[in-house]
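The values are calculated or read from the model by the stated rules, or taken from the named source; none is laboratory data. As the structure is a computational prediction, the values presented were derived from the model and not from experiment. With ideal geometry, Cβ positions are generated from the backbone for all residues, glycine too; neighbour counts draw on all protein chains shown. Ligands, DNA and RNA are stripped out before the accessible areas are found, and what is left, the full protein with its side chains, is counted by its heavy atoms. Shrake-Rupley method; radii C 1.70, N 1.55, O 1.52, S 1.80 Å.
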Amino acid sequence: MRSTTRGGDPSKTMTTLKRLLSFCALAGAATLAAAQAYPSKPIRLIVGYPPGGGIDFAARTIQQPLQDALKQQIVIEYKPGASGMIAATELTRAAPDGYTLLLANTGPFAIAPWLQSKPPYDPVRQFTYIGQISQGSYIAVTRPDHPAKDLREFVTWARSNTGKVNFASGGNGTSTHLNGELMNQATGLDMVHVPYKGSAPAVQDLMGGQTQLLVDAGTVLLPHVKGGKLKALAVTGPKRDPQLPDVPTVRELGIAGMETVGFQGLVGPAGMPREVVDRLAAALSGVLAQPEVRAKFASSGAEVHSQGPNEFAAFVKADNEKWSRLIRERKLQLD
């Protein structure tokens, strides 16, 4: 009687296994080769705001040293509009090959989408987070001739001028807009929001007396504060800004509910190969460790805050939860 082997011919099974292992080895080698060859052509770095602002500053600060690290040209491309959402939406449609990246920030990646009844994209799930670049406090400023010496005194003044107080922003859905709303929530004020098409005109009208307050990034406001054209009332971060050592934090002034920081970082489309992400993350980390790069960010009121892909993604997720909750509670919607 002939015996049989359960599961078929062992020799055929071994042949199939060897072929499978060979295929996996070849696929792994191909992936490794592709990662080692990356980048083999210029990289687009999209900036969702006009030239001259804080996001442009960050992009230009890392551009040359990142080119040196990757040994490939990085071309900055401006796609302003809709509080940075036009650029972010375009990124969701790009090939996830590492040749289209974006300089992300708080507005379009934690705030603006949740102000839409139908968000154009999901900031947490539709992007690949490569690395955080910086964090920075916002600065609350007013005109130099305003009677308030700090933000607590400004709140007292505003309460005695109910219905007459407004705050400027760089546009609906921007971090400057939400910082004003956060201040309304934390203090019980009802300041009127006056949106502008960017921070520059918001600053000009504040200096001209058309508005009373602006809460914006140090990259925008520090030159005006140091030049005596604006008065800093408080910083929103957990510690004082080294550029403004005499300006208290909101927590020191008893307005802890207004504490927040803005972020900037490098992102790509969802589904990027891990090897390419790791290559970019390592290059970015090396750039941010350079003393001259750190000094440039510090001079603008931002602090280099290097985080890898996983940490950066977790930070953005937490920021989305914070700002989306405020938007729900304040019943804010742009459409």
Practice prompt. Determine how many Å³ per residue the convex hull of the Cα atoms of the stretch 254-323 encloses.
Written response: 110
Discussion item. Place a point 7 Å from the Cα of Leu326 along the Cα-to-Cβ direction; which residues of the stretch 47-62 have their backbone N under 20 Å from it?
Written reply: 54-55
Practice prompt. Take the alpha carbon atoms of the stretch 85-209, find their radius of gyration, then divide it by 2.2 N^0.38 Å using N residues; give the quotient.
Written response: 1.27
Worksheet item: Stretch Leu334-Ala289 to full length: gain in nm at 0.36 nm per residue minus the Cα-Cα span?
Response: 12.2 nm
Worksheet item: Hey, any idea what Rg/Rh is for the chain, computing Rh the Kirkwood way over Cα pairs?
Response: 1.13
Item to complete: Considering only Trp157, Trp323, Trp114, give the residue with the highest GNM mean-square fluctuation for the chain, with springs between Cα atoms whenever their separation is below 10 Å.
Response: Trp157
Worksheet item: Relative to the first principal axis of the alpha-carbon coordinates of the chain, what is the inclination of helix 175-187, with its axis defined by its Cα atoms, in degrees from 0 to 90 and to the nearest 10?
Response: 60
Worksheet item: aspartates and glutamates near Lys317 by alpha-carbon distance under 12 Å, same-chain residues fewer than 8 away left out - which ones?
Response: Asp122
Worksheet item: How many percent of the accessible area of the chain is carbon or sulfur, using a 1.4 Å probe?
Response: 54
Worksheet item: the stretch 64-132 to the stretch 218-271: how many Å between their Cα centroids?
Response: 23
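Between Thr162 and Asn310, what length in nm is gained on full extension when 0.36 nm per residue of separation is reduced by their alpha carbon distance? Before the final figure, lay out each step's value.
Numbers: separation 148, 0.36 × 148 = 53.28 nm, distance 4.53 nm.
Result: 48.8 nm gained on full extension.
Within the chain, what's the longest run with no trypsin sites (Lys or Arg not before Pro) in a DSSP loop and at most 14 other beta-carbon atoms within 10 Å? Give the range, please. Don't skip to the end; give the middle numbers.
Numbers: sites that count: Arg2, Arg6, Lys71, Arg93, Arg125, Lys149, Lys164, Lys197, Lys239, Lys331.
That gives 240-330 as the longest site-free run.
Taking R0 as 35 Å, what's the FRET efficiency between Lys71 and Glu252 from their Cβ-Cβ distance, rounded to 0.05? Walk me through the intermediate numbers first.
Details: r = 46 Å, r/R0 = 1.33.
Result of the calculation: an efficiency of 0.15.
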Practice prompt. At a Cα cut-off below 25 Å, give the lysines reachable from Lys296, other chains included and same-chain residues fewer than 8 away excluded.
Written response: Lys71, Lys79, Lys226, Lys229, Lys231, Lys239
